[in-house]
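The values are calculated or read from the model by the stated rules, or taken from the named source; none is laboratory data. From a predicted model like this one, the values you see are computed outputs, not experimental measurements. All Cβ positions, even for glycine, are placed from backbone atoms using ideal geometry, and neighbour counts span all protein chains on display.
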Amino acid sequence: MVLRERAAAQLKRTLISLRHRNFRLLFWGTSLSHVGDFVQAMAQSWLVWTMTQSPFLLGVIGFCQALPRLLLGAVGGAIVDRLERRRLLVATQVLAMIQAFCFWALVYFDSIQFWHVTVLVLFLGTVNTLNQTARHSLINNLVPREDLMNAIALNSSLANFAKIVGPSLGGVLISVIGIAGCLFVNAVSFVAIIATLLVMEFPAIKGRVNVEAPFWQEVSEGYQFLRSEPRLCAIILLTYGVALVGTPYTRFLPVIATDVLHAGPTTFGLLLASPGIGAVLSGLGIASLGRLRRRTHFVAMSVYAFSFALIMFSFSRSLPLSMFFLVLVGASNIAFRAVANSMVQMETPPELLGRMLSLFFMDKGLWSFGTLFIGAIAHGIGTPRAITISAVACALAASLMLYQQRQAREARPPEDLKPRVTQ
């Protein structure tokens, strides 16, 4: 009886941010859309691999998908800070749905070419850059500050639960209804998030209207604020490093599935789903925590765990072991990103939140260079060895951040050190 009560209390703590109606609508509305996104991502990767048989061209598609995040950067954040975020979200979701239907039509009528995929991916990357920044900055307005880390962690768990369902479903759907069918499923899934955004009831949340400052001056304000906050700057630079050389491993899972594990699309779907399992468990664990102390140290330790698991995955030649290590990769990666995200949101003024989150999410833009870099290395020495090199580089980046933070603490006067001791 006591254990049951404790479990109920723990579950209530884990799901506490869902008590807020508008966040609850956003949470469930994005769930189906995320599943569709990952069904399309798997179908897209499998399409490119079967068309080209080239790890490098897989890297090119990854480059095109992530490049808009890097190019837009704080420009997208300044746009988000100026516009009403719900309307911006509806507009970006409608555009993404149109892209999905175009992609489906090209594949269904057997007209798809590699350059079509490139253009469609570039377009979707641009739309998603604005969408992700607007959605995450909207969360800050839907829950009180004390529930913010819980909401971010639950949102991350949702996205990664979709990584389990989406690729697993995609692996089955490719065999049953083909790549075109997967793309159609994704196109239809956008109806869920668009509908929930339209029925949400809350005062319009706008950026600064009647802005007198020039647009580019507002863009520079984001960079100036980041330079003035050394701890946030160090955290964001670490996310950039991991994104550049670590997370691009996902783009080369088709190669692992076929050339290393000698299997087909079902195994590819299992590999894609495995990090999502770990990420969901990790996200729920973080959501159940109260105040997390020494967040910077926690971020660094999570990157070390990510690097270790990724190295072990690169050496695995067994599907069960590969899936196990990818579960650990996903768990450590979401722990790192969820806590870093909450630090950015908690320590940024509301009027700069869009720009800071846009700078934070620029790490996904670095996937564009990372996929080309890892793809080029994989072409020369093999994909498993390239993944090993990338994991070691992530661990070195975390070590550099800890060293710089220690140097900064030692350089501060004792009276300035006390407020940071628990951070």
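Of the numbered conditions (1) within 24 Å of the chain's Cα centre (by Cα); (2) modelled with pLDDT of 75 or more, G222 fails exactly one; give the number of that condition. Of the numbered conditions (1) within 24 Å of the chain's Cα centre (by Cα); (2) modelled with pLDDT of 75 or more, the odd one out for G222 is (2).
If you go through region 113-125 and keep only what is touching a residue at least 40 places away in the same chain (Cβ under 8 Å) and either surrounded by fewer than 20 Cβ atoms within 10 Å (Cβ to Cβ) or touching a Lys or Arg at 6+ places or on another chain (Cβ under 7 Å) (or both), you end up with F114, T118, L122, G125. Restricting region 54-88 to residues that are at pLDDT 80 or above and farther than 21 Å from F103 by Cβ, the residue that is surrounded by the fewest Cβ atoms within 10 Å (Cβ to Cβ) is R87. Condition check for G330 on (1) touching a Pro at 6+ places or on another chain (Cβ under 9 Å); (2) closer than 15 Å to N155 by Cβ: one failure, at (2). Restricting attention to region 101-132, the residues that are of a type in the set (G, A, S) and either in a loop (DSSP other than H, G, I, E, B) or closer than 19 Å to W49 by Cα (or both) total 1. Within the set V303, V329, V299, the sole residue that is more than 17 Å from R231 (Cα to Cα), surrounded by 22 or more Cβ atoms within 10 Å (Cβ to Cβ), touching a Phe, Trp or Tyr at 6+ places or on another chain (Cβ under 9 Å) and among the aliphatic types (A, V, I, L, M) turns out to be V329. For region 17-43, the candidate set comprises residues that are farther than 17 Å from I193 by Cα and surrounded by 24 or more Cβ atoms within 10 Å (Cβ to Cβ); within that set, the residue that is nearest to the chain's Cα centre (by Cα) is M42. The residues on offer are L417, L396, and the sole one that is modelled with pLDDT under 90 and in a helix (DSSP H, G or I) is L417. Of G170, G166, G269, G207, all but one fail to be at pLDDT below 85, assigned to a loop (DSSP other than H, G, I, E, B) and under 30 Å from L15 (Cα atoms); the exception is G207. Within region 234-279, the residues that satisfy the criterion of being closer than 19 Å to S157 by Cα, surrounded by fewer than 24 Cβ atoms within 10 Å (Cβ to Cβ) and under 16 Å from the mean Cα position of the chain (by Cα) are T250, I277.
Candidates V280, V329: the one that is under 25 Å from A66 (Cβ atoms), of a type outside the set (K, R), assigned to a helix (DSSP H, G or I) and at pLDDT 90 or above is V329.
Table: residues versus (1) over 15 Å from L232 (Cα atoms); (2) β-branched (V, I, T); (3) more than 20 Å from the chain's Cα centre (by Cα).
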| position | (1), (2), (3) |
| --- | --- |
| E351 | yes, no, yes |
| L357 | no, no, no |
| F361 | no, no, no |
| L366 | yes, no, no |
| F369 | yes, no, no |
| G375 | yes, no, yes |
| I381 | yes, yes, yes |
| P384 | yes, no, yes |
| T388 | yes, yes, yes |
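S137 passes every criterion in (1) assigned to a helix (DSSP H, G or I); (2) over 24 Å from L25 (Cα atoms) apart from (2).
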